[in-house]
1. Residue 296 - would you say it is assigned by TED's automatic domain parsing to the domain that holds residue 330 and more than 19 Å from the chain's Cα centre (by Cα)?
2. Return yes when residue 96 is out of contact with any Pro (no Cβ under 8 Å at 6 or more places or on another chain), over 28 Å from residue 142 (Cα atoms) and of a type in the set (Gly, Ala, Ser) and no when it is not.
3. Only one residue in 90, 82 is buried (at least 19 other Cβ atoms within 10 Å of the Cβ), free of Cβ contacts under 8 Å to residues at least 40 places away in the same chain and outside the structural domain of residue 226 (by TED's automatic domain parsing), so which one is that?
4. Name every residue in region 12-57 that is among the β-branched types (Val, Ile, Thr), modelled with pLDDT under 90 and surrounded by fewer than 21 Cβ atoms within 10 Å (Cβ to Cβ), in order of residue number.
5. Inside region 317-328, can you point out the residues that are touching a residue at least 24 places away in the same chain (Cβ under 8 Å) and either among the polar types (S, T, N, Q) or part of a loop (DSSP other than H, G, I, E, B) (or both)?
6. Within region 132-150, count every residue that is of a type in the set (D, E, K, R) and in contact (Cβ under 8 Å) with a residue 60 or more places away in the chain.
7. When you look at residue 73, is it at pLDDT below 85, assigned to a loop (DSSP other than H, G, I, E, B) and over 18 Å from the mean Cα position of the chain (by Cα), yes or no?
8. Find all pairs meeting these conditions: Cβ atoms under 8 angstrom apart; at least six residues apart or on different chains; first residue within region 104-125 and at positive phi and in contact (Cβ under 8 Å) with a residue 24 or more places away in the chain; second residue among the basic types (Lys, Arg) and outside any strand (DSSP E or B).
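The values are calculated or read from the model by the stated rules, or taken from the named source; none is laboratory data. The structure presented is a predicted model; accordingly, all values stated were derived computationally and were not measured. Cβ placement follows ideal geometry from the backbone for every residue including glycine, while neighbour counts extend to all protein chains displayed.
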Amino acid sequence: MTNVVTIGWWTWTYNLLRALKPLDVDIHAIVSMSDDWWSTGVLRDEYWVLPPWDLRRALVALAKDEDTVFLRKLFNFRFKWGSFDGHNLGNLIMLAASEIEWDFGKAINKLEELFDVKGKIYPATFEKTRIIAKLENNEIIIWETNIDVPKHDGNLRIKDFLVVKEEYARILKSLKQHLEIPTVGAAMEDVLKQARQDRPNANPKIKEVLFQADYIIIGPGDLFTSVLPNILVNNIASYLKQSKAKKILMANIFTKYWETAGFKLSDFLEEFKKYLWEDIFDIVIAQDPDSLNIPKDLLEAYKMEGKELVISDVKESRVILADLISQKDFIRHDALKTRKVLERLLNS
C-alpha cells in the first residue's frame, strides 16, 4: 500500500487528511508542536504540556466517518463560563490522556485506538518548543501568537526563522522586556547562537516514517507559523532531503499579510529552499487561475484582511494546476476536489 506522509498544521491539515482518508493509502500525519493560541497557550503554561490543538484536529479528521461530525463538534466545544471559560474540550481530553499515560506519544496511540483512526499521528517533536522570527528591520518576534496576530508592521518580511527550545524563547522574551528594545542586541544574538546549536530534536519515529514514505505532502498552511515549525525541528530537514519519497508542495491559495505579503508561488519555493538548502519538490499542486470564479464581495473581504491570491508564476512541468477550492462563505481547499487530484497522482 502507498505510504503518504503529510506535514502541516491546523485547518489545512484537517482538510488534507479528510481528502486522503477514503483513498487506499497508509496515512502518517506530522504536526507542529509550536502552537500557543487560546486554550492551548494556557495549558502549556499551567501544565507544561505539549500543545494538543492540531493533534486533536488530526484525530478528528482521521476518525471513522460515522463518528466525525459529532466528534468534531465534541472536540471543538469551547466552554464559555466558569472555571473552564475559554478552554476547548478536545484540548482537555488530550491533556487528561497524557496525564494518565505519563507519555504523550502513548496517549496519542490510545486515542487513535479509541476513535478507530485511519493512519498514525506524530508530533514533530516531544520537546517544548517555541518559534522565533527576525524581521528585515532586525526586530525579533517571540511566540507563535505574536507572529500570527502581530503588533509589528505586517509589511516587514521575515528574514530569519527558528524553532527553539522553550527555555531559550523565555530568556529572549525576558531580555526583550528588560532591555526595552525591539531589535536584536548582542545579548540576544548570544542566546540565539546557543539556541541554534541546541535545537529541539525530532520525534524519534519521524526518521523511519519519512524514509518509508512513497509521497510526502507539505502544506498547505501558513508558511512560518504552520509548516516551517515542523521542518526546522532538528534533523527533519535532513531526513526530508534524504528520503526517496516524491515530495509534493500543496501551494497556498492566499498570501498572509503579516507572513507572506506579496508572495508569488516562486517566493514560497525560494523560502523553502532557503531553509532546506535545496529545492526538494518533485511536484507542486496549485490552484488553476482559470477555474476561479470567486464572488467579488468575498474576494474584497479577503483583501480587507490583507490576503491576496497566490499567483502561480512557475512555468514548469512539475506544476499541476487544478480546481482545488470551495468558495462559499469563505475560500479553502475542498476535500473532494483535492482528493480527486491526489488520487490520480498517487495512482499514476
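1. Criteria met by residue 296.
2. It is true that residue 96 is out of contact with any Pro (no Cβ under 8 Å at 6 or more places or on another chain), over 28 Å from residue 142 (Cα atoms) and of a type in the set (Gly, Ala, Ser).
3. Exactly one residue qualifies, and that residue is 90.
4. Result: 42, 49.
5. 318, 323, 324, 327
6. Summing the residues that are of a type in the set (D, E, K, R) and in contact (Cβ under 8 Å) with a residue 60 or more places away in the chain in region 132-150 gives 2.
7. no
8. Filtered contacts from region 104-125: 116/64; 119/21.
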